[in-house]
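Below is one structure, written out as structure tokens; the observations come after it.
The values are calculated or read from the model by the stated rules, or taken from the named source; none is laboratory data. Predicted model only: the values in this text are computed from it and were never measured. Note: ideal-geometry Cβ built from the backbone for every residue, glycine included; neighbour counts use all protein chains shown. For accessibility, only protein heavy atoms count, side chains too; no ligands or nucleic acids. Shrake-Rupley method; radii C 1.70, N 1.55, O 1.52, S 1.80 Å.
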Amino acid sequence: MAHYSTKGKRAVSAFLEKNSDRELTAEDIFESMGDEAPGQSSIYRILSSLVSDGTVRRERRQSGEGYIYQYAGDLGCDKHFHLKCVGCGKVVHLRCALSDELIRHIFDEHGFAVDSGKSVLYGRCVDCGGKI
């Protein structure tokens, strides 16, 4: 299947890349893009295409209602944990050897294969007063 690159798709992808530290709903994207936003119904088709080609990751919202989207690009979001600040909503892609070691430990010692791309650790970032 061909992946078309339209002006709207490029604009949404660029917007999400610029805001890659945040998880956004389709409505957030539409409202935040302002005049650069394609039509609201187009946003959903574009997001579906970007999810399909791996540029964007989609997860069900914690409330279970609707989805949140985040730019993945070449980050390989299915291969690492995510840290999410409960204060500001910032999302950090945790790509480090210790998280890889933890995934191996959980499998080797507990017989459980973690889906790290869907694994989010919640807390507070330093900017929001996170302390150890």
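Numbers below:
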read-out	value
Single condition E59 does not satisfy, out of (1) under 18 Å from D21 (Cβ atoms); (2) in contact with a His (Cβ under 7 Å, 6 or more places away or on another chain)	(2)
Subset of the stretch 7-54 (residues that are at pLDDT below 85 and either open to solvent by 80 Å² or more (accessible area, probe 1.4 Å) or out of contact with any Lys or Arg (no Cβ under 9 Å at 6 or more places or on another chain) (or both))	S20, R22, D53, G54
Given (1) in contact with a strand residue (DSSP E or B) (Cβ under 6 Å, 6 or more places away or on another chain); (2) free of Cβ contacts under 8 Å to residues at least 40 places away in the same chain; (3) open to solvent by 90 Å² or more (accessible area, probe 1.4 Å), index of the condition H82 fails	(3)
For G34: the one exception among (1) among the small types (G, A, S); (2) out of contact with any helix residue (DSSP H, G or I) (no Cβ under 7 Å at 6 or more places or on another chain); (3) in a loop (DSSP other than H, G, I, E, B)	(3)
Residue check for L50: closer than 24 Å to G123 by Cβ and in a helix (DSSP H, G or I)	no
Every pair of residues 6+ apart whose Cβ atoms lie under 9 Å, when the first sits in the stretch 93-107 and is open to solvent by less than 60 Å² (accessible area, probe 1.4 Å) while the second is part of a helix (DSSP H, G or I)	H93/C77; L94/S116; S99/S116; I103/S116
Condition met for H93 (in a strand (DSSP E or B) and either over 21 Å from K18 (Cβ atoms) or modelled with pLDDT of 80 or more (or both))	no
Matching residues, the stretch 108-130, being touching a residue at least 12 places away in the same chain (Cβ under 8 Å) and outside any loop (DSSP other than H, G, I, E, B)	S116, G117, K118, V120, L121, Y122, G123, D127, C128
Residues being at pLDDT 85 or above and either open to solvent by 30 Å² or more (accessible area, probe 1.4 Å) or part of a helix (DSSP H, G or I) (or both) - total across the stretch 56-65	1
I68 vs. criteria part of a helix (DSSP H, G or I), surrounded by 17 or more Cβ atoms within 10 Å (Cβ to Cβ), modelled with pLDDT of 80 or more and out of contact with any Cys (no Cβ under 6 Å at 6 or more places or on another chain)	no
